[in-house]
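The values are calculated or read from the model by the stated rules, or taken from the named source; none is laboratory data. This one's a predicted model, so the numbers in the text were calculated from it and none came from an experiment. Here the Cβ is made from the backbone with ideal geometry for all residues, glycine too, and neighbour counts use every protein chain on show. Keep in mind that these areas ignore ligands, DNA and RNA; they rest on the heavy atoms of the full protein, side chains included. Shrake-Rupley method; radii C 1.70, N 1.55, O 1.52, S 1.80 Å.
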Amino acid sequence: MNDAGDSVSIADLLDERRHLLDVAHGMLGSRREAEDVIAETYRRWYELSSATRARITTPRAWLEEVVGRICCQARPNPPDSVSTAVDTAGRTGPEYAEPADRALHSLRAMRSRPTTPRQHDAVVGTVRQACVTEDAPLLSSLLARDVTAFFDGGGKVRAPTGPVHGNLHVARSLLALVALRPLITLHTHSVNGRTGIVVRYDRQVAVVISLDIDARHVVQVWVTLNPDKLRSWNQSRNRGGPGHGS
């Protein structure tokens, strides 16, 4: 089942997360507690079924209301200056859980066929160009018809909760995610020993994309959005790590 409905620009996702953190921090006065509230809020979002999430026309407002409810439960007497709305969203779906790394690596080894470094780099470079120019037909043509994309948000940001299948669905999800906005840049860079794509927002690494390629087509896409897993990328950069690439 495709779950491409959660595909949102990384700029919007990061802005949403920062806003929710500010709301929770303002109510609780503790950054650590605010982080816990946001984790619980996104967990409840992912507990909803795909159909239920699709009926929520303004996810950010839903998330704000859940943040408010959790904060009120944590602090029964919040400051009067903080106005919150309480939502009665139910837990109608299974708990969200990202695929285990071991299973993902096993699947990569099973599906991906060897390509030369030159072939791999050429395809990745063209994928990047298609994303930069928002060329959906070109991007779709670079993806195998049965391509599968996995989005690892770690429950920290909104992202598709399951694999996205098919070249048209995957292309649409990627283009929505990396839609060029001010402060967003895409570069090729070494990812796990092979060329991948690094997306920066306001100079911080926000998304890392690795690609499994069979000859001339991408057969699997691995998208890391989990801020915890990207921390080492940003720490490396702050310490004067590798450059941006092309």
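Under the rule a/c < 1.5 gives rounded, and otherwise a/b versus b/c splits prolate from oblate, where does the range 158-204 land using the Cα gyration tensor? Cα axes put the range 158-204 in the oblate bin. 3J(HN,Hα) along the range 122-135: 5, 5, 4, x, 6, 4, 4, 4, 5, 5, 5, 8, 6, 9 Hz, from the Karplus curve 6.51 cos²θ - 1.76 cosθ + 1.60 with θ = phi - 60°, whole Hz, x for Gly and Pro. Annotation: Arg69 carries an accessible surface of approximately 40 Å², with a 1.4 Å probe and no ligand, DNA or RNA atoms counted. Residues of the range 124-150 with amide nitrogen under 17 Å from the 7 Å Cα-to-Cβ point of Ala215? The answer is 124, 141-147, whose backbone nitrogens lie closer than 17 Å to the label point. For the pair Arg118 and Lys229 in one chain, pulling the backbone fully straight at 0.36 nm per residue adds 37.2 nm over the alpha carbon distance.
Based on the Cβ-Cβ distance from Leu138 to Arg181, what FRET efficiency comes out when R0 is 25 Å, to the nearest 0.05?
On the way: r = 20 Å, r/R0 = 0.82.
Taking R0 as 25 Å, the efficiency between Leu138 and Arg181 is 0.75.
Using a simple spin-label model with pseudo-atoms 7 Å out from Cα toward Cβ, Arg18 and Asp36 lie 2.6 nm apart.
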